[in-house]
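Values quoted throughout were computed directly from the atomic coordinates according to the rules given, and no laboratory measurement underlies them. Just so you know, these numbers come straight off a predicted model, no measurement behind them. Because the Cβ atoms are built from the backbone with ideal geometry, glycine has one as well, and the counts that use them run over all protein chains shown.
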Amino acid sequence: MATAAKTVGGAVMKGTGSTLMSIDFEVFGKVQGVFFRKYTVRNSKKHGLVGWVQNTSHGTVLGQMQGAADKIKIMKQWLQKEGSPRSKIQKAEFRSERVITELEHDTFRVLRP
């Protein structure tokens, strides 16, 4: 029996038995003007995640990521502790975590207001 594969953001993800998740996030601190969105896109794609990220008018970065639960966990840690090299993260909040049956985005991108 062949293993199902899905193309995500240019990378092929083979079925690993990991649950697909969707989660919204908001990151607080010095996260604008420090390439935070660019690094979020880069790291999300590296882990085969899809979604979006954008700056807010109140100085935070807001986004949604979807993909394998184990990869979501890795990115949650990155958003809380690491971020872009010049960022200073105060905190990251996560909400609307849910199991999904299929991805709702085809890549990870920066949204502009």
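In order along the stretch 73-81, phi translates into HN-Hα couplings of 4, 4, 5, 4, 4, 4, 5, 7, 10 Hz, rounded to whole numbers, per the Karplus curve 6.51 cos²θ - 1.76 cosθ + 1.60 with θ = phi - 60° and x for Gly and Pro. Entry note: the stretch 22-113 has Rg to Rh equal to 0.93, where both radii use alpha-carbon atoms and Rh is the Kirkwood radius. Residue ranges 68-75, 103-110, 89-96 sort as 68-75, 103-110, 89-96 when ordered by packing (mean number of other C-beta atoms within 10 Å per residue, highest first).
Positive contributions from Lys and Arg (+1) and negative ones from Asp and Glu (-1), summed over other residues with Cβ under 10 Å from the Cβ of Ile89, come out at +3. Compared with the direct C-alpha span, the chain from Asp24 to Lys91 gains 22.7 nm at full extension, assuming 0.36 nm per residue. Which of the pairs Lys45/Lys73; Lys30/Lys73; Lys38/Lys76 have their Cα atoms more than 20 Å apart in this structure? Flagged as over cut-off: Lys30/Lys73.
By the rule of a C-alpha distance below 19 Å, with chain neighbours fewer than 8 residues away ignored, the aspartates and glutamates paired with Lys91 are Asp24, Glu26, Glu82.
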